[in-house]
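In what follows, a structure is listed as structure tokens, so that the remarks can point back to it.
Every read-out reported here was derived from the displayed coordinates using simple, explicitly stated rules and does not represent laboratory data. Everything quoted here is computed from the prediction, not taken from an experiment. Virtual Cβ from ideal backbone geometry, glycine too; neighbours counted across all protein chains shown.
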Amino acid sequence: MSINIEDQTKKFSQAQLDELRNFITNELLSTQEELDWLSKIIIRDDIRSGYYGYWEGNFHFNPENPDEIDGIAAVIVLNHYYLKTLEQLKGTLAHEYGHHWTLTYLAVNQGMDYMKHRMPVEYYQLRGLNEQNYAHDCSKGWYYCDKEVIAEDYRVLFAPSPHDQEHRMVINSGSQLASPSEEIREYIRKLAEYELD
């Protein structure tokens, strides 16, 4: 399956869009399973916002078994207003694909509602996060959202250089967070393998 990229800006050539596709499939941690859950990537100019990119997942639940997700349609949006070059797009795409990998597998394999719940206790313990300083959302700020921390972990651990540089939470002044360890790499990788009994 080819990754659907909708370049609303018309600023990127077909070869550049193919390079973005290859970046995901050949250079990031990805499998056909979660690639099938990615409906499209949209590149657009949004001058009225402060975001560089975002991920949004829409989950369809089985009507006969409401706990079972039987379909996912996720979208990654990249804001060309801030991301002018292909390399800038790749850096943000690596972070947003980190959301896609971690949050879809947590939802499908562990039944986690990422909009309502913190990351699993195991991640908090491995990562050295505490519930007083970190939240499941951005209520304590972007740098203190556990979903943003793990997306940055994914980017730093699985993107090629130079896109693996400077974990934004680690370099944030006042942060006590260390760089992600090999244990975190294995934790993220194994999210795709874990299933509820």
Suppose we keep just the alpha-carbon trace of region 97-155; what are its Rg and Dmax in angstrom?
10.5, 28
Where Lys and Arg each count +1 and Asp and Glu each count -1, what net charge lies around residue 8 among other residues with Cβ under 13 Å from its Cβ?
0
Can you pull the three principal axis extents for the Cα set of the chain, in Å, largest first?
49, 44, 32
As a test of the formula, what do you get for the chain when each DSSP H run with n ≥ 4 contributes -39,500 (n - 2.57) and the sum is divided by the residue count, at 222 nm and rounded to the nearest 500 deg cm²/dmol?
-10500 deg cm²/dmol
Quick one: which residues, 5 or more positions from residue 42 or on another chain, have an amide H under 5 Å from its amide H? H modelled 1.01 Å from N in the peptide plane, none for Pro or chain starts.
6, 76, 77, 78
By how many nm would the segment from residue 116 to residue 9 grow when fully extended, if each residue of separation counts as 0.36 nm and the alpha-carbon distance is taken off?
35.1 nm
The local net charge around residue 118, scoring Lys/Arg +1 and Asp/Glu -1 for residues other than residue 118 whose Cβ lies under 14 Å from its Cβ, equals -2
A correct Karplus calculation of ³J(HN,Hα) over region 72-81, with 6.51 cos²θ - 1.76 cosθ + 1.60, θ = phi - 60°, whole Hz and x for Gly and Pro, returns 9, 10, 9, 10, 10, 10, 10, 9, 4, 4
Inter-part distance where region 1-65 and region 126-189 are each reduced to a Cα centre, Å
22
